[in-house]
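In what follows, a single structure is set out as structure tokens and then discussed.
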Amino acid sequence: MLSISALIGAVGAFLLPIAADLSPSVALVPTTNVIGRTLWVSFATLFVPSLGLGAVVPAAVRGAVLDRRTSGRTVGAVYAAGTAGSILGVFVTGFLLIDLVGSRAAILVAGAAMLAVAVVALPARRTPVAAVSLALAVAVGATPLAARFSGPCVWESAYFCIQLVEEQYVGQRTSRSLKLDRLVHGSIHVEDPTYLDPGYLRVMSDLSDALVDGRQRFATLQIGGGSYTLARYLERRFPAADVDVIEIDPKVTGFAAAYLGLRADTRIRTFNEDARQFFLDRRPRGRYAIIYGDAFNDLSIPHHLTTREFAGAVHDALTPDGVYMTNVVDLYFSGSFLRGFIATLRTQFAHVDLVMDRATWDFVQSMDPDADGSNDRRRTFIVVASDRPLDVARVNEVAGRSSVVIARQSLDAYLDDPRTAVLTDDWAPVDKLVSPIFLSRPF
């Protein structure tokens, strides 16, 4: 029984990458049910290996109990060993294996270990035949499985599957993009680091020109380095400015250096740590003229960077006339996260404005606000917070070609909605707030 359980676990582990790649495309649950989708994918990928691994301990107990008088001690020892192994496995996998070899290779190692247990647990008379059979089965299945276990990642870290997307443009200009998991997190043009893509970065750059108003010496901080597109632009655009970046994943920074042209002699100063920890440990009070938030995407938002308490830490790190400028991905009419985020910033900043790029503004204007929201589309918005009012005339003069500042009256009306809620460290259901975006994407 122990051998069979371990073999099921091993087979499930070897098939897991295939199931993970295929199950999202199988629409067996209603498209309106987020929880149903999540449960289906989890079931499809984890049921077989979980079944095998879950049966190992009872099978081990059955084989270990030889004397009823000591059965309690034996059973306790087996379950204690299983618990200790589970705890050790969580820490070794999360902090060591994934970072060293990647998630798929870690699964392969686990499957191989279970396969070894299956062979060792066989009765002695069956071991040679079983070992040869298993070796042949592994050899036959190795080729099709190898592609699945290699995965799409160029690099894999404890946080992301890091991929490179390279394209050729007219005139032999090369664009390279950083893709983290399923989402592109910025592009750079090798020949021209001042070219900004995606569009919300152009809005941020134009707003920066308007806000610094000709100054050259100031300090900026970017939360979320990604492709370092904006940081490299700021380095080139403002040669006398200090450009700091918080990027939690050192492998993302290394990838930008290896593939995206981040030079070794750059003036950009990188802090490879969590942004919340950065403000707690370093307390950069009154240092930065502009803090950029670029750590949000539409599928994975670090909730501890959305709360009132974090907004207070950002506020304290700004100069008296400093600005916090961050991108937010949401559905404008049917979403809830954008509303909540703006309302949260209003608890810490005297003035909070919403800025859209021209394409987003045209889209919003074309939508009927009283419609059911079925035609709503995911968009990237820029939220600007400060203790001084935004000089709209200056912004229109410098950044009007790329962006539109939403009128304060219109923004107040937008926030006057039952879905608007302030996010705190005690209550920040970001996953729930962005679930409409999840539903708007292909399965």
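Look at the dipole of segment 356-427 built from charges on Cβ: of TRP427, TRP361, TYR414, the Cα furthest out on the positive end belongs to TRP361. Can you compute the helix-only [θ] at 222 nm over the chain? Use -39500 (n - 2.57) per DSSP H run of at least 4 residues, normalise by all residues, nearest 500 deg cm²/dmol. Using -39500 (n - 2.57) per qualifying helix, the result is -15500 deg cm²/dmol. If you take every DSSP beta bridge fully contained in the chain, what fraction is antiparallel? Give it as a percent rounded to 5. Given both bridge residues lie in the chain, the antiparallel proportion sits at roughly 65 percent. Positive end of the dipole of the chain (Cβ unit charges, origin at the Cα centre): among ASN396, TRP155, THR270, the Cα lying farthest that way belongs to TRP155.
Just one of (i) 154; (ii) 188; (iii) 142 is volume of the Cα convex hull per residue in Å³ as worked out from the coordinates here. Which one is it? Working out volume of the Cα convex hull per residue in Å³ from the coordinates points to (ii). Taken about its Cα centre, segment 226-349 carries a charge dipole of about 240 debye when Lys and Arg each add +1 at the Cβ and Asp and Glu each add -1 at the Cβ. Using Cβ point charges alone (K and R +1, D and E -1), the dipole size of segment 205-285 about the Cα centre works out to roughly 200 debye. Helices assigned as whole DSSP H runs in the chain whose Cα atoms extend at least 24 Å along their own long axis and whose mean Kyte-Doolittle hydropathy is 1.0 or higher are found at 2-22, 34-64, 71-92, 103-120, 127-150. With the dipole of the chain worked out from charges on the C-beta (+1 for Lys and Arg, -1 for Asp and Glu) around the Cα centre, which of ILE188, HIS351, SER334 lies farthest toward the positive end? Value computed over the given set: ILE188.
Placing +1 on the Cβ of every Lys and Arg and -1 on the Cβ of every Asp and Glu, with no other charges, gives the chain a dipole of roughly 1640 debye about its Cα centre.
With R₀ fixed at 51 Å, the C-beta to C-beta distance from SER42 to GLU397 puts the FRET efficiency at about 0.45.
Every read-out reported here was derived from the displayed coordinates using simple, explicitly stated rules and does not represent laboratory data. This structure is a prediction, so every number in the text was calculated from the model and none was measured. Positions of Cβ are generated from backbone atoms using ideal geometry, with glycine treated the same way; all protein chains shown enter the neighbour counts.
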